[in-house]
1. Starting from the range 102-125, keep only residues that are at positive phi, then list their pairs with residues that are open to solvent by 50 Å² or more (accessible area, probe 1.4 Å) whose Cβ atoms are within a distance under 9 Å, requiring at least 6 positions of separation or different chains.
2. Restricting to the range 66-98, count the residues that are within 22 Å of residue 28 (Cα to Cα) and either free of Cβ contacts under 8 Å to residues at least 60 places away in the same chain or of a type in the set (D, E, K, R) (or both).
3. Can you name the residue in the range 65-99 that is in a loop (DSSP other than H, G, I, E, B) and modelled with pLDDT of 95 or more and is also surrounded by the most Cβ atoms within 10 Å (Cβ to Cβ) among such residues?
4. Failed condition for residue 124, given (1) at pLDDT 95 or above; (2) farther than 20 Å from residue 1 by Cα, with all others met?
5. Return the residue satisfying two criteria in turn: it lies in the range 49-99 and is among the small types (Gly, Ala, Ser) and touching a helix residue (DSSP H, G or I) at 6+ places or on another chain (Cβ under 7 Å), and of such residues it is farthest from residue 14 (Cα to Cα).
6. Could you figure out which of (1) under 18 Å from residue 5 (Cα atoms); (2) open to solvent by 90 Å² or more (accessible area, probe 1.4 Å); (3) part of a helix (DSSP H, G or I) isn't true of residue 111?
7. Specify which of the listed residues (24, 59) is closer than 19 Å to residue 112 by Cα and of a type in the set (Lys, Arg).
8. If residue 37 satisfies all but one of (1) over 17 Å from residue 114 (Cα atoms); (2) open to solvent by 80 Å² or more (accessible area, probe 1.4 Å); (3) under 18 Å from the mean Cα position of the chain (by Cα), what's the number of the condition it fails?
Amino acid sequence: MTILVDSDILIEVSRGRDRDILLKWHELSESDSAILYSPVTAAELWAGAHAREYDALEKLFRSLHCAAIDNETGRLAGDCLRQYRKSHGVELGDALIAAAAVLNRANLWTRNRKHYPMKELRFFD
């Protein structure tokens, strides 16, 4: 299985406060699953990070695989924005994350499912 982890989950993992997420994270990290993140997620975490968190973030991102954002990802994200921006308020970052998950055949792990109304997207529980 391939999992793309959304920003909200990685924030909880890096802060270590949500026991359920940490347990699931530990189980996932011990499995054969590929764990991906998007450059959008990296940007969101780095934008909110304090200097004292930099080392932990570096270590966290080194342990994961970065899903590329390329022309195909941009096109699919653009299609998503065209379809869902007005009706569901989908923003560019979420569209890029969703497109990366679909193109990598990954289940998206997020607590913000309302940000991702795309029918072709699968979620990790």
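The values are calculated or read from the model by the stated rules, or taken from the named source; none is laboratory data. Note that the structure is a prediction, hence the values are computed from the model and not measured. For neighbour counting, all protein chains shown are included, and Cβ atoms are generated from backbone atoms with ideal geometry for every residue, glycine included. Side chains are part of the model used for accessible areas, which takes the heavy atoms of the whole protein and leaves out ligands, DNA and RNA. Shrake-Rupley method; radii C 1.70, N 1.55, O 1.52, S 1.80 Å.
1. Final answer for the pair search is 105/122.
2. Going through the range 66-98 one residue at a time, the tally reaches 3.
3. 67
4. With (1) at pLDDT 95 or above; (2) farther than 20 Å from residue 1 by Cα applied to residue 124, the lone miss is (2).
5. Residue satisfying both the conditions and the ranking: 77.
6. In the conditions (1) under 18 Å from residue 5 (Cα atoms); (2) open to solvent by 90 Å² or more (accessible area, probe 1.4 Å); (3) part of a helix (DSSP H, G or I), residue 111 misses (3) alone.
7. 24
8. Every condition holds for residue 37 apart from (2).
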